[in-house]
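Below: the structure, in structure tokens.
Just so you know, all these numbers are worked out from the coordinates, no wet-lab data involved. Note that the structure is a prediction, hence the values are computed from the model and not measured. Note that each Cβ is placed from the backbone with ideal geometry, even for glycine, and that neighbours are counted across all protein chains shown.
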Amino acid sequence: LCVSRITPSKRQHAAIEAFKKFFEKNREFRMVIAGTPDNNDHSRKYFDKLREMSSGYPVEFVDSPSWERIRELYSNCYLTLFTAENEDFGLVPLESMASSKPVIAFDEGGPRETVVNGISGFLVKSVDEMASKMLFLAERPEVAVEMGLKGREIVEKKFSPSSFFSEIDSILESVSSGRKSY
């Protein structure tokens, strides 16, 4: 599963390229790309390009999915690919981990802070490495399940509302007392 706005900076083309390489070695999976194109000609042309480059492969596009449909996709997927270019944070890896699914993301931007490499998923440097990690997890379903469960633990511990408010309280207390431990 690859969830994101459909625009070149989200690099869904890299996810398709990785899937095509993966599919050469494992034909048991299909790929779903879910998102809404930005409201401009450039994004619509990019969406058309993605459809064209995935022709002949089991790639499904879910255009403008509702939040309910996105939750359903997360719950039914095997893993999530996150290909956005140097995304400042990125909610998709957290949503995937909250759904107990492993994440394979490019090793840049926000995923460096949310995905624990080798624990809740993988941080990769290239399309080839992404395809390799997809194959690794496809061949080891027990590892994929374990990574998904670890991801869920990480989200609950570090990114839940209670942990957020606890951290904010700690920072505010530190600031009000003159300590600078944040």
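What to note about this one:
- Rounded if a/c under 1.5, otherwise prolate or oblate - region 53-164, Cα gyration tensor axes: rounded
- Candidate aspartates and glutamates for bridging to residue 25, where Cα separation is under 15 Å - those fewer than 8 sequence places away on the same chain excluded: 17, 128, 129, 139
- Inter-centroid distance (Cα atoms) of region 1-32 relative to region 77-101, Å: 13
- Under Karplus coefficients 6.51, -1.76 and 1.60, residue-wise ³J(HN,Hα) of region 118-123 in Hz, glycine/proline x: x, 10, 10, x, 9, 9
- For residue 31, the residues whose modelled amide H falls within less than 5 Å of its own, excluding neighbours fewer than 5 places apart on the same chain, are 59, 60.
- Placing +1 on each Lys and Arg Cβ and -1 on each Asp and Glu Cβ, with no other charges, gives region 1-76 a dipole about its Cα centre of roughly 220 debye.
- Amide H to amide H, with H built 1.01 Å from N, residue 3 comes under 5 Å of 34, 81, counting only residues 5 or more places away or on other chains.
- Eligible aspartates and glutamates near residue 10 by straight Cα distance, threshold 13 Å, same-chain separation 8 or greater: 38, 85, 87, 88, 108
- Listed values for region 17-33 are Karplus-derived 3J(HN,Hα) couplings in whole Hz (6.51 cos²θ - 1.76 cosθ + 1.60, θ = phi - 60°), namely 4, 5, 4, 4, 5, 4, 5, 4, 10, 8, 9, 8, 10, 10, 10, 10, 10, and x replaces Gly and Pro.
- Among the GluC sites (Glu not before Pro) in region 75-135, those located in a DSSP loop and surrounded by at most 14 other Cβ atoms within 10 Å of their own Cβ are 85, 108.
- Each Lys or Arg adds one and each Asp or Glu subtracts one; over the other residues with Cβ under 9 Å from the Cβ of residue 110, this totals -3.
- The charge dipole of region 20-154, taken about its Cα centre with unit charges on the Cβ of Lys, Arg, Asp and Glu (plus for the first two, minus for the last two), comes to roughly 360 debye.
- Using θ = phi - 60° and Karplus 6.51 cos²θ - 1.76 cosθ + 1.60, couplings along region 136-142 (whole Hz; Gly, Pro as x): 4, 6, 4, 7, 9, x, 5
- For residue 106, the amide hydrogen comes within under 5 Å of the amide hydrogens of 82, 124, counting only partners 5 or more places away or on other chains and with H modelled in the peptide plane.
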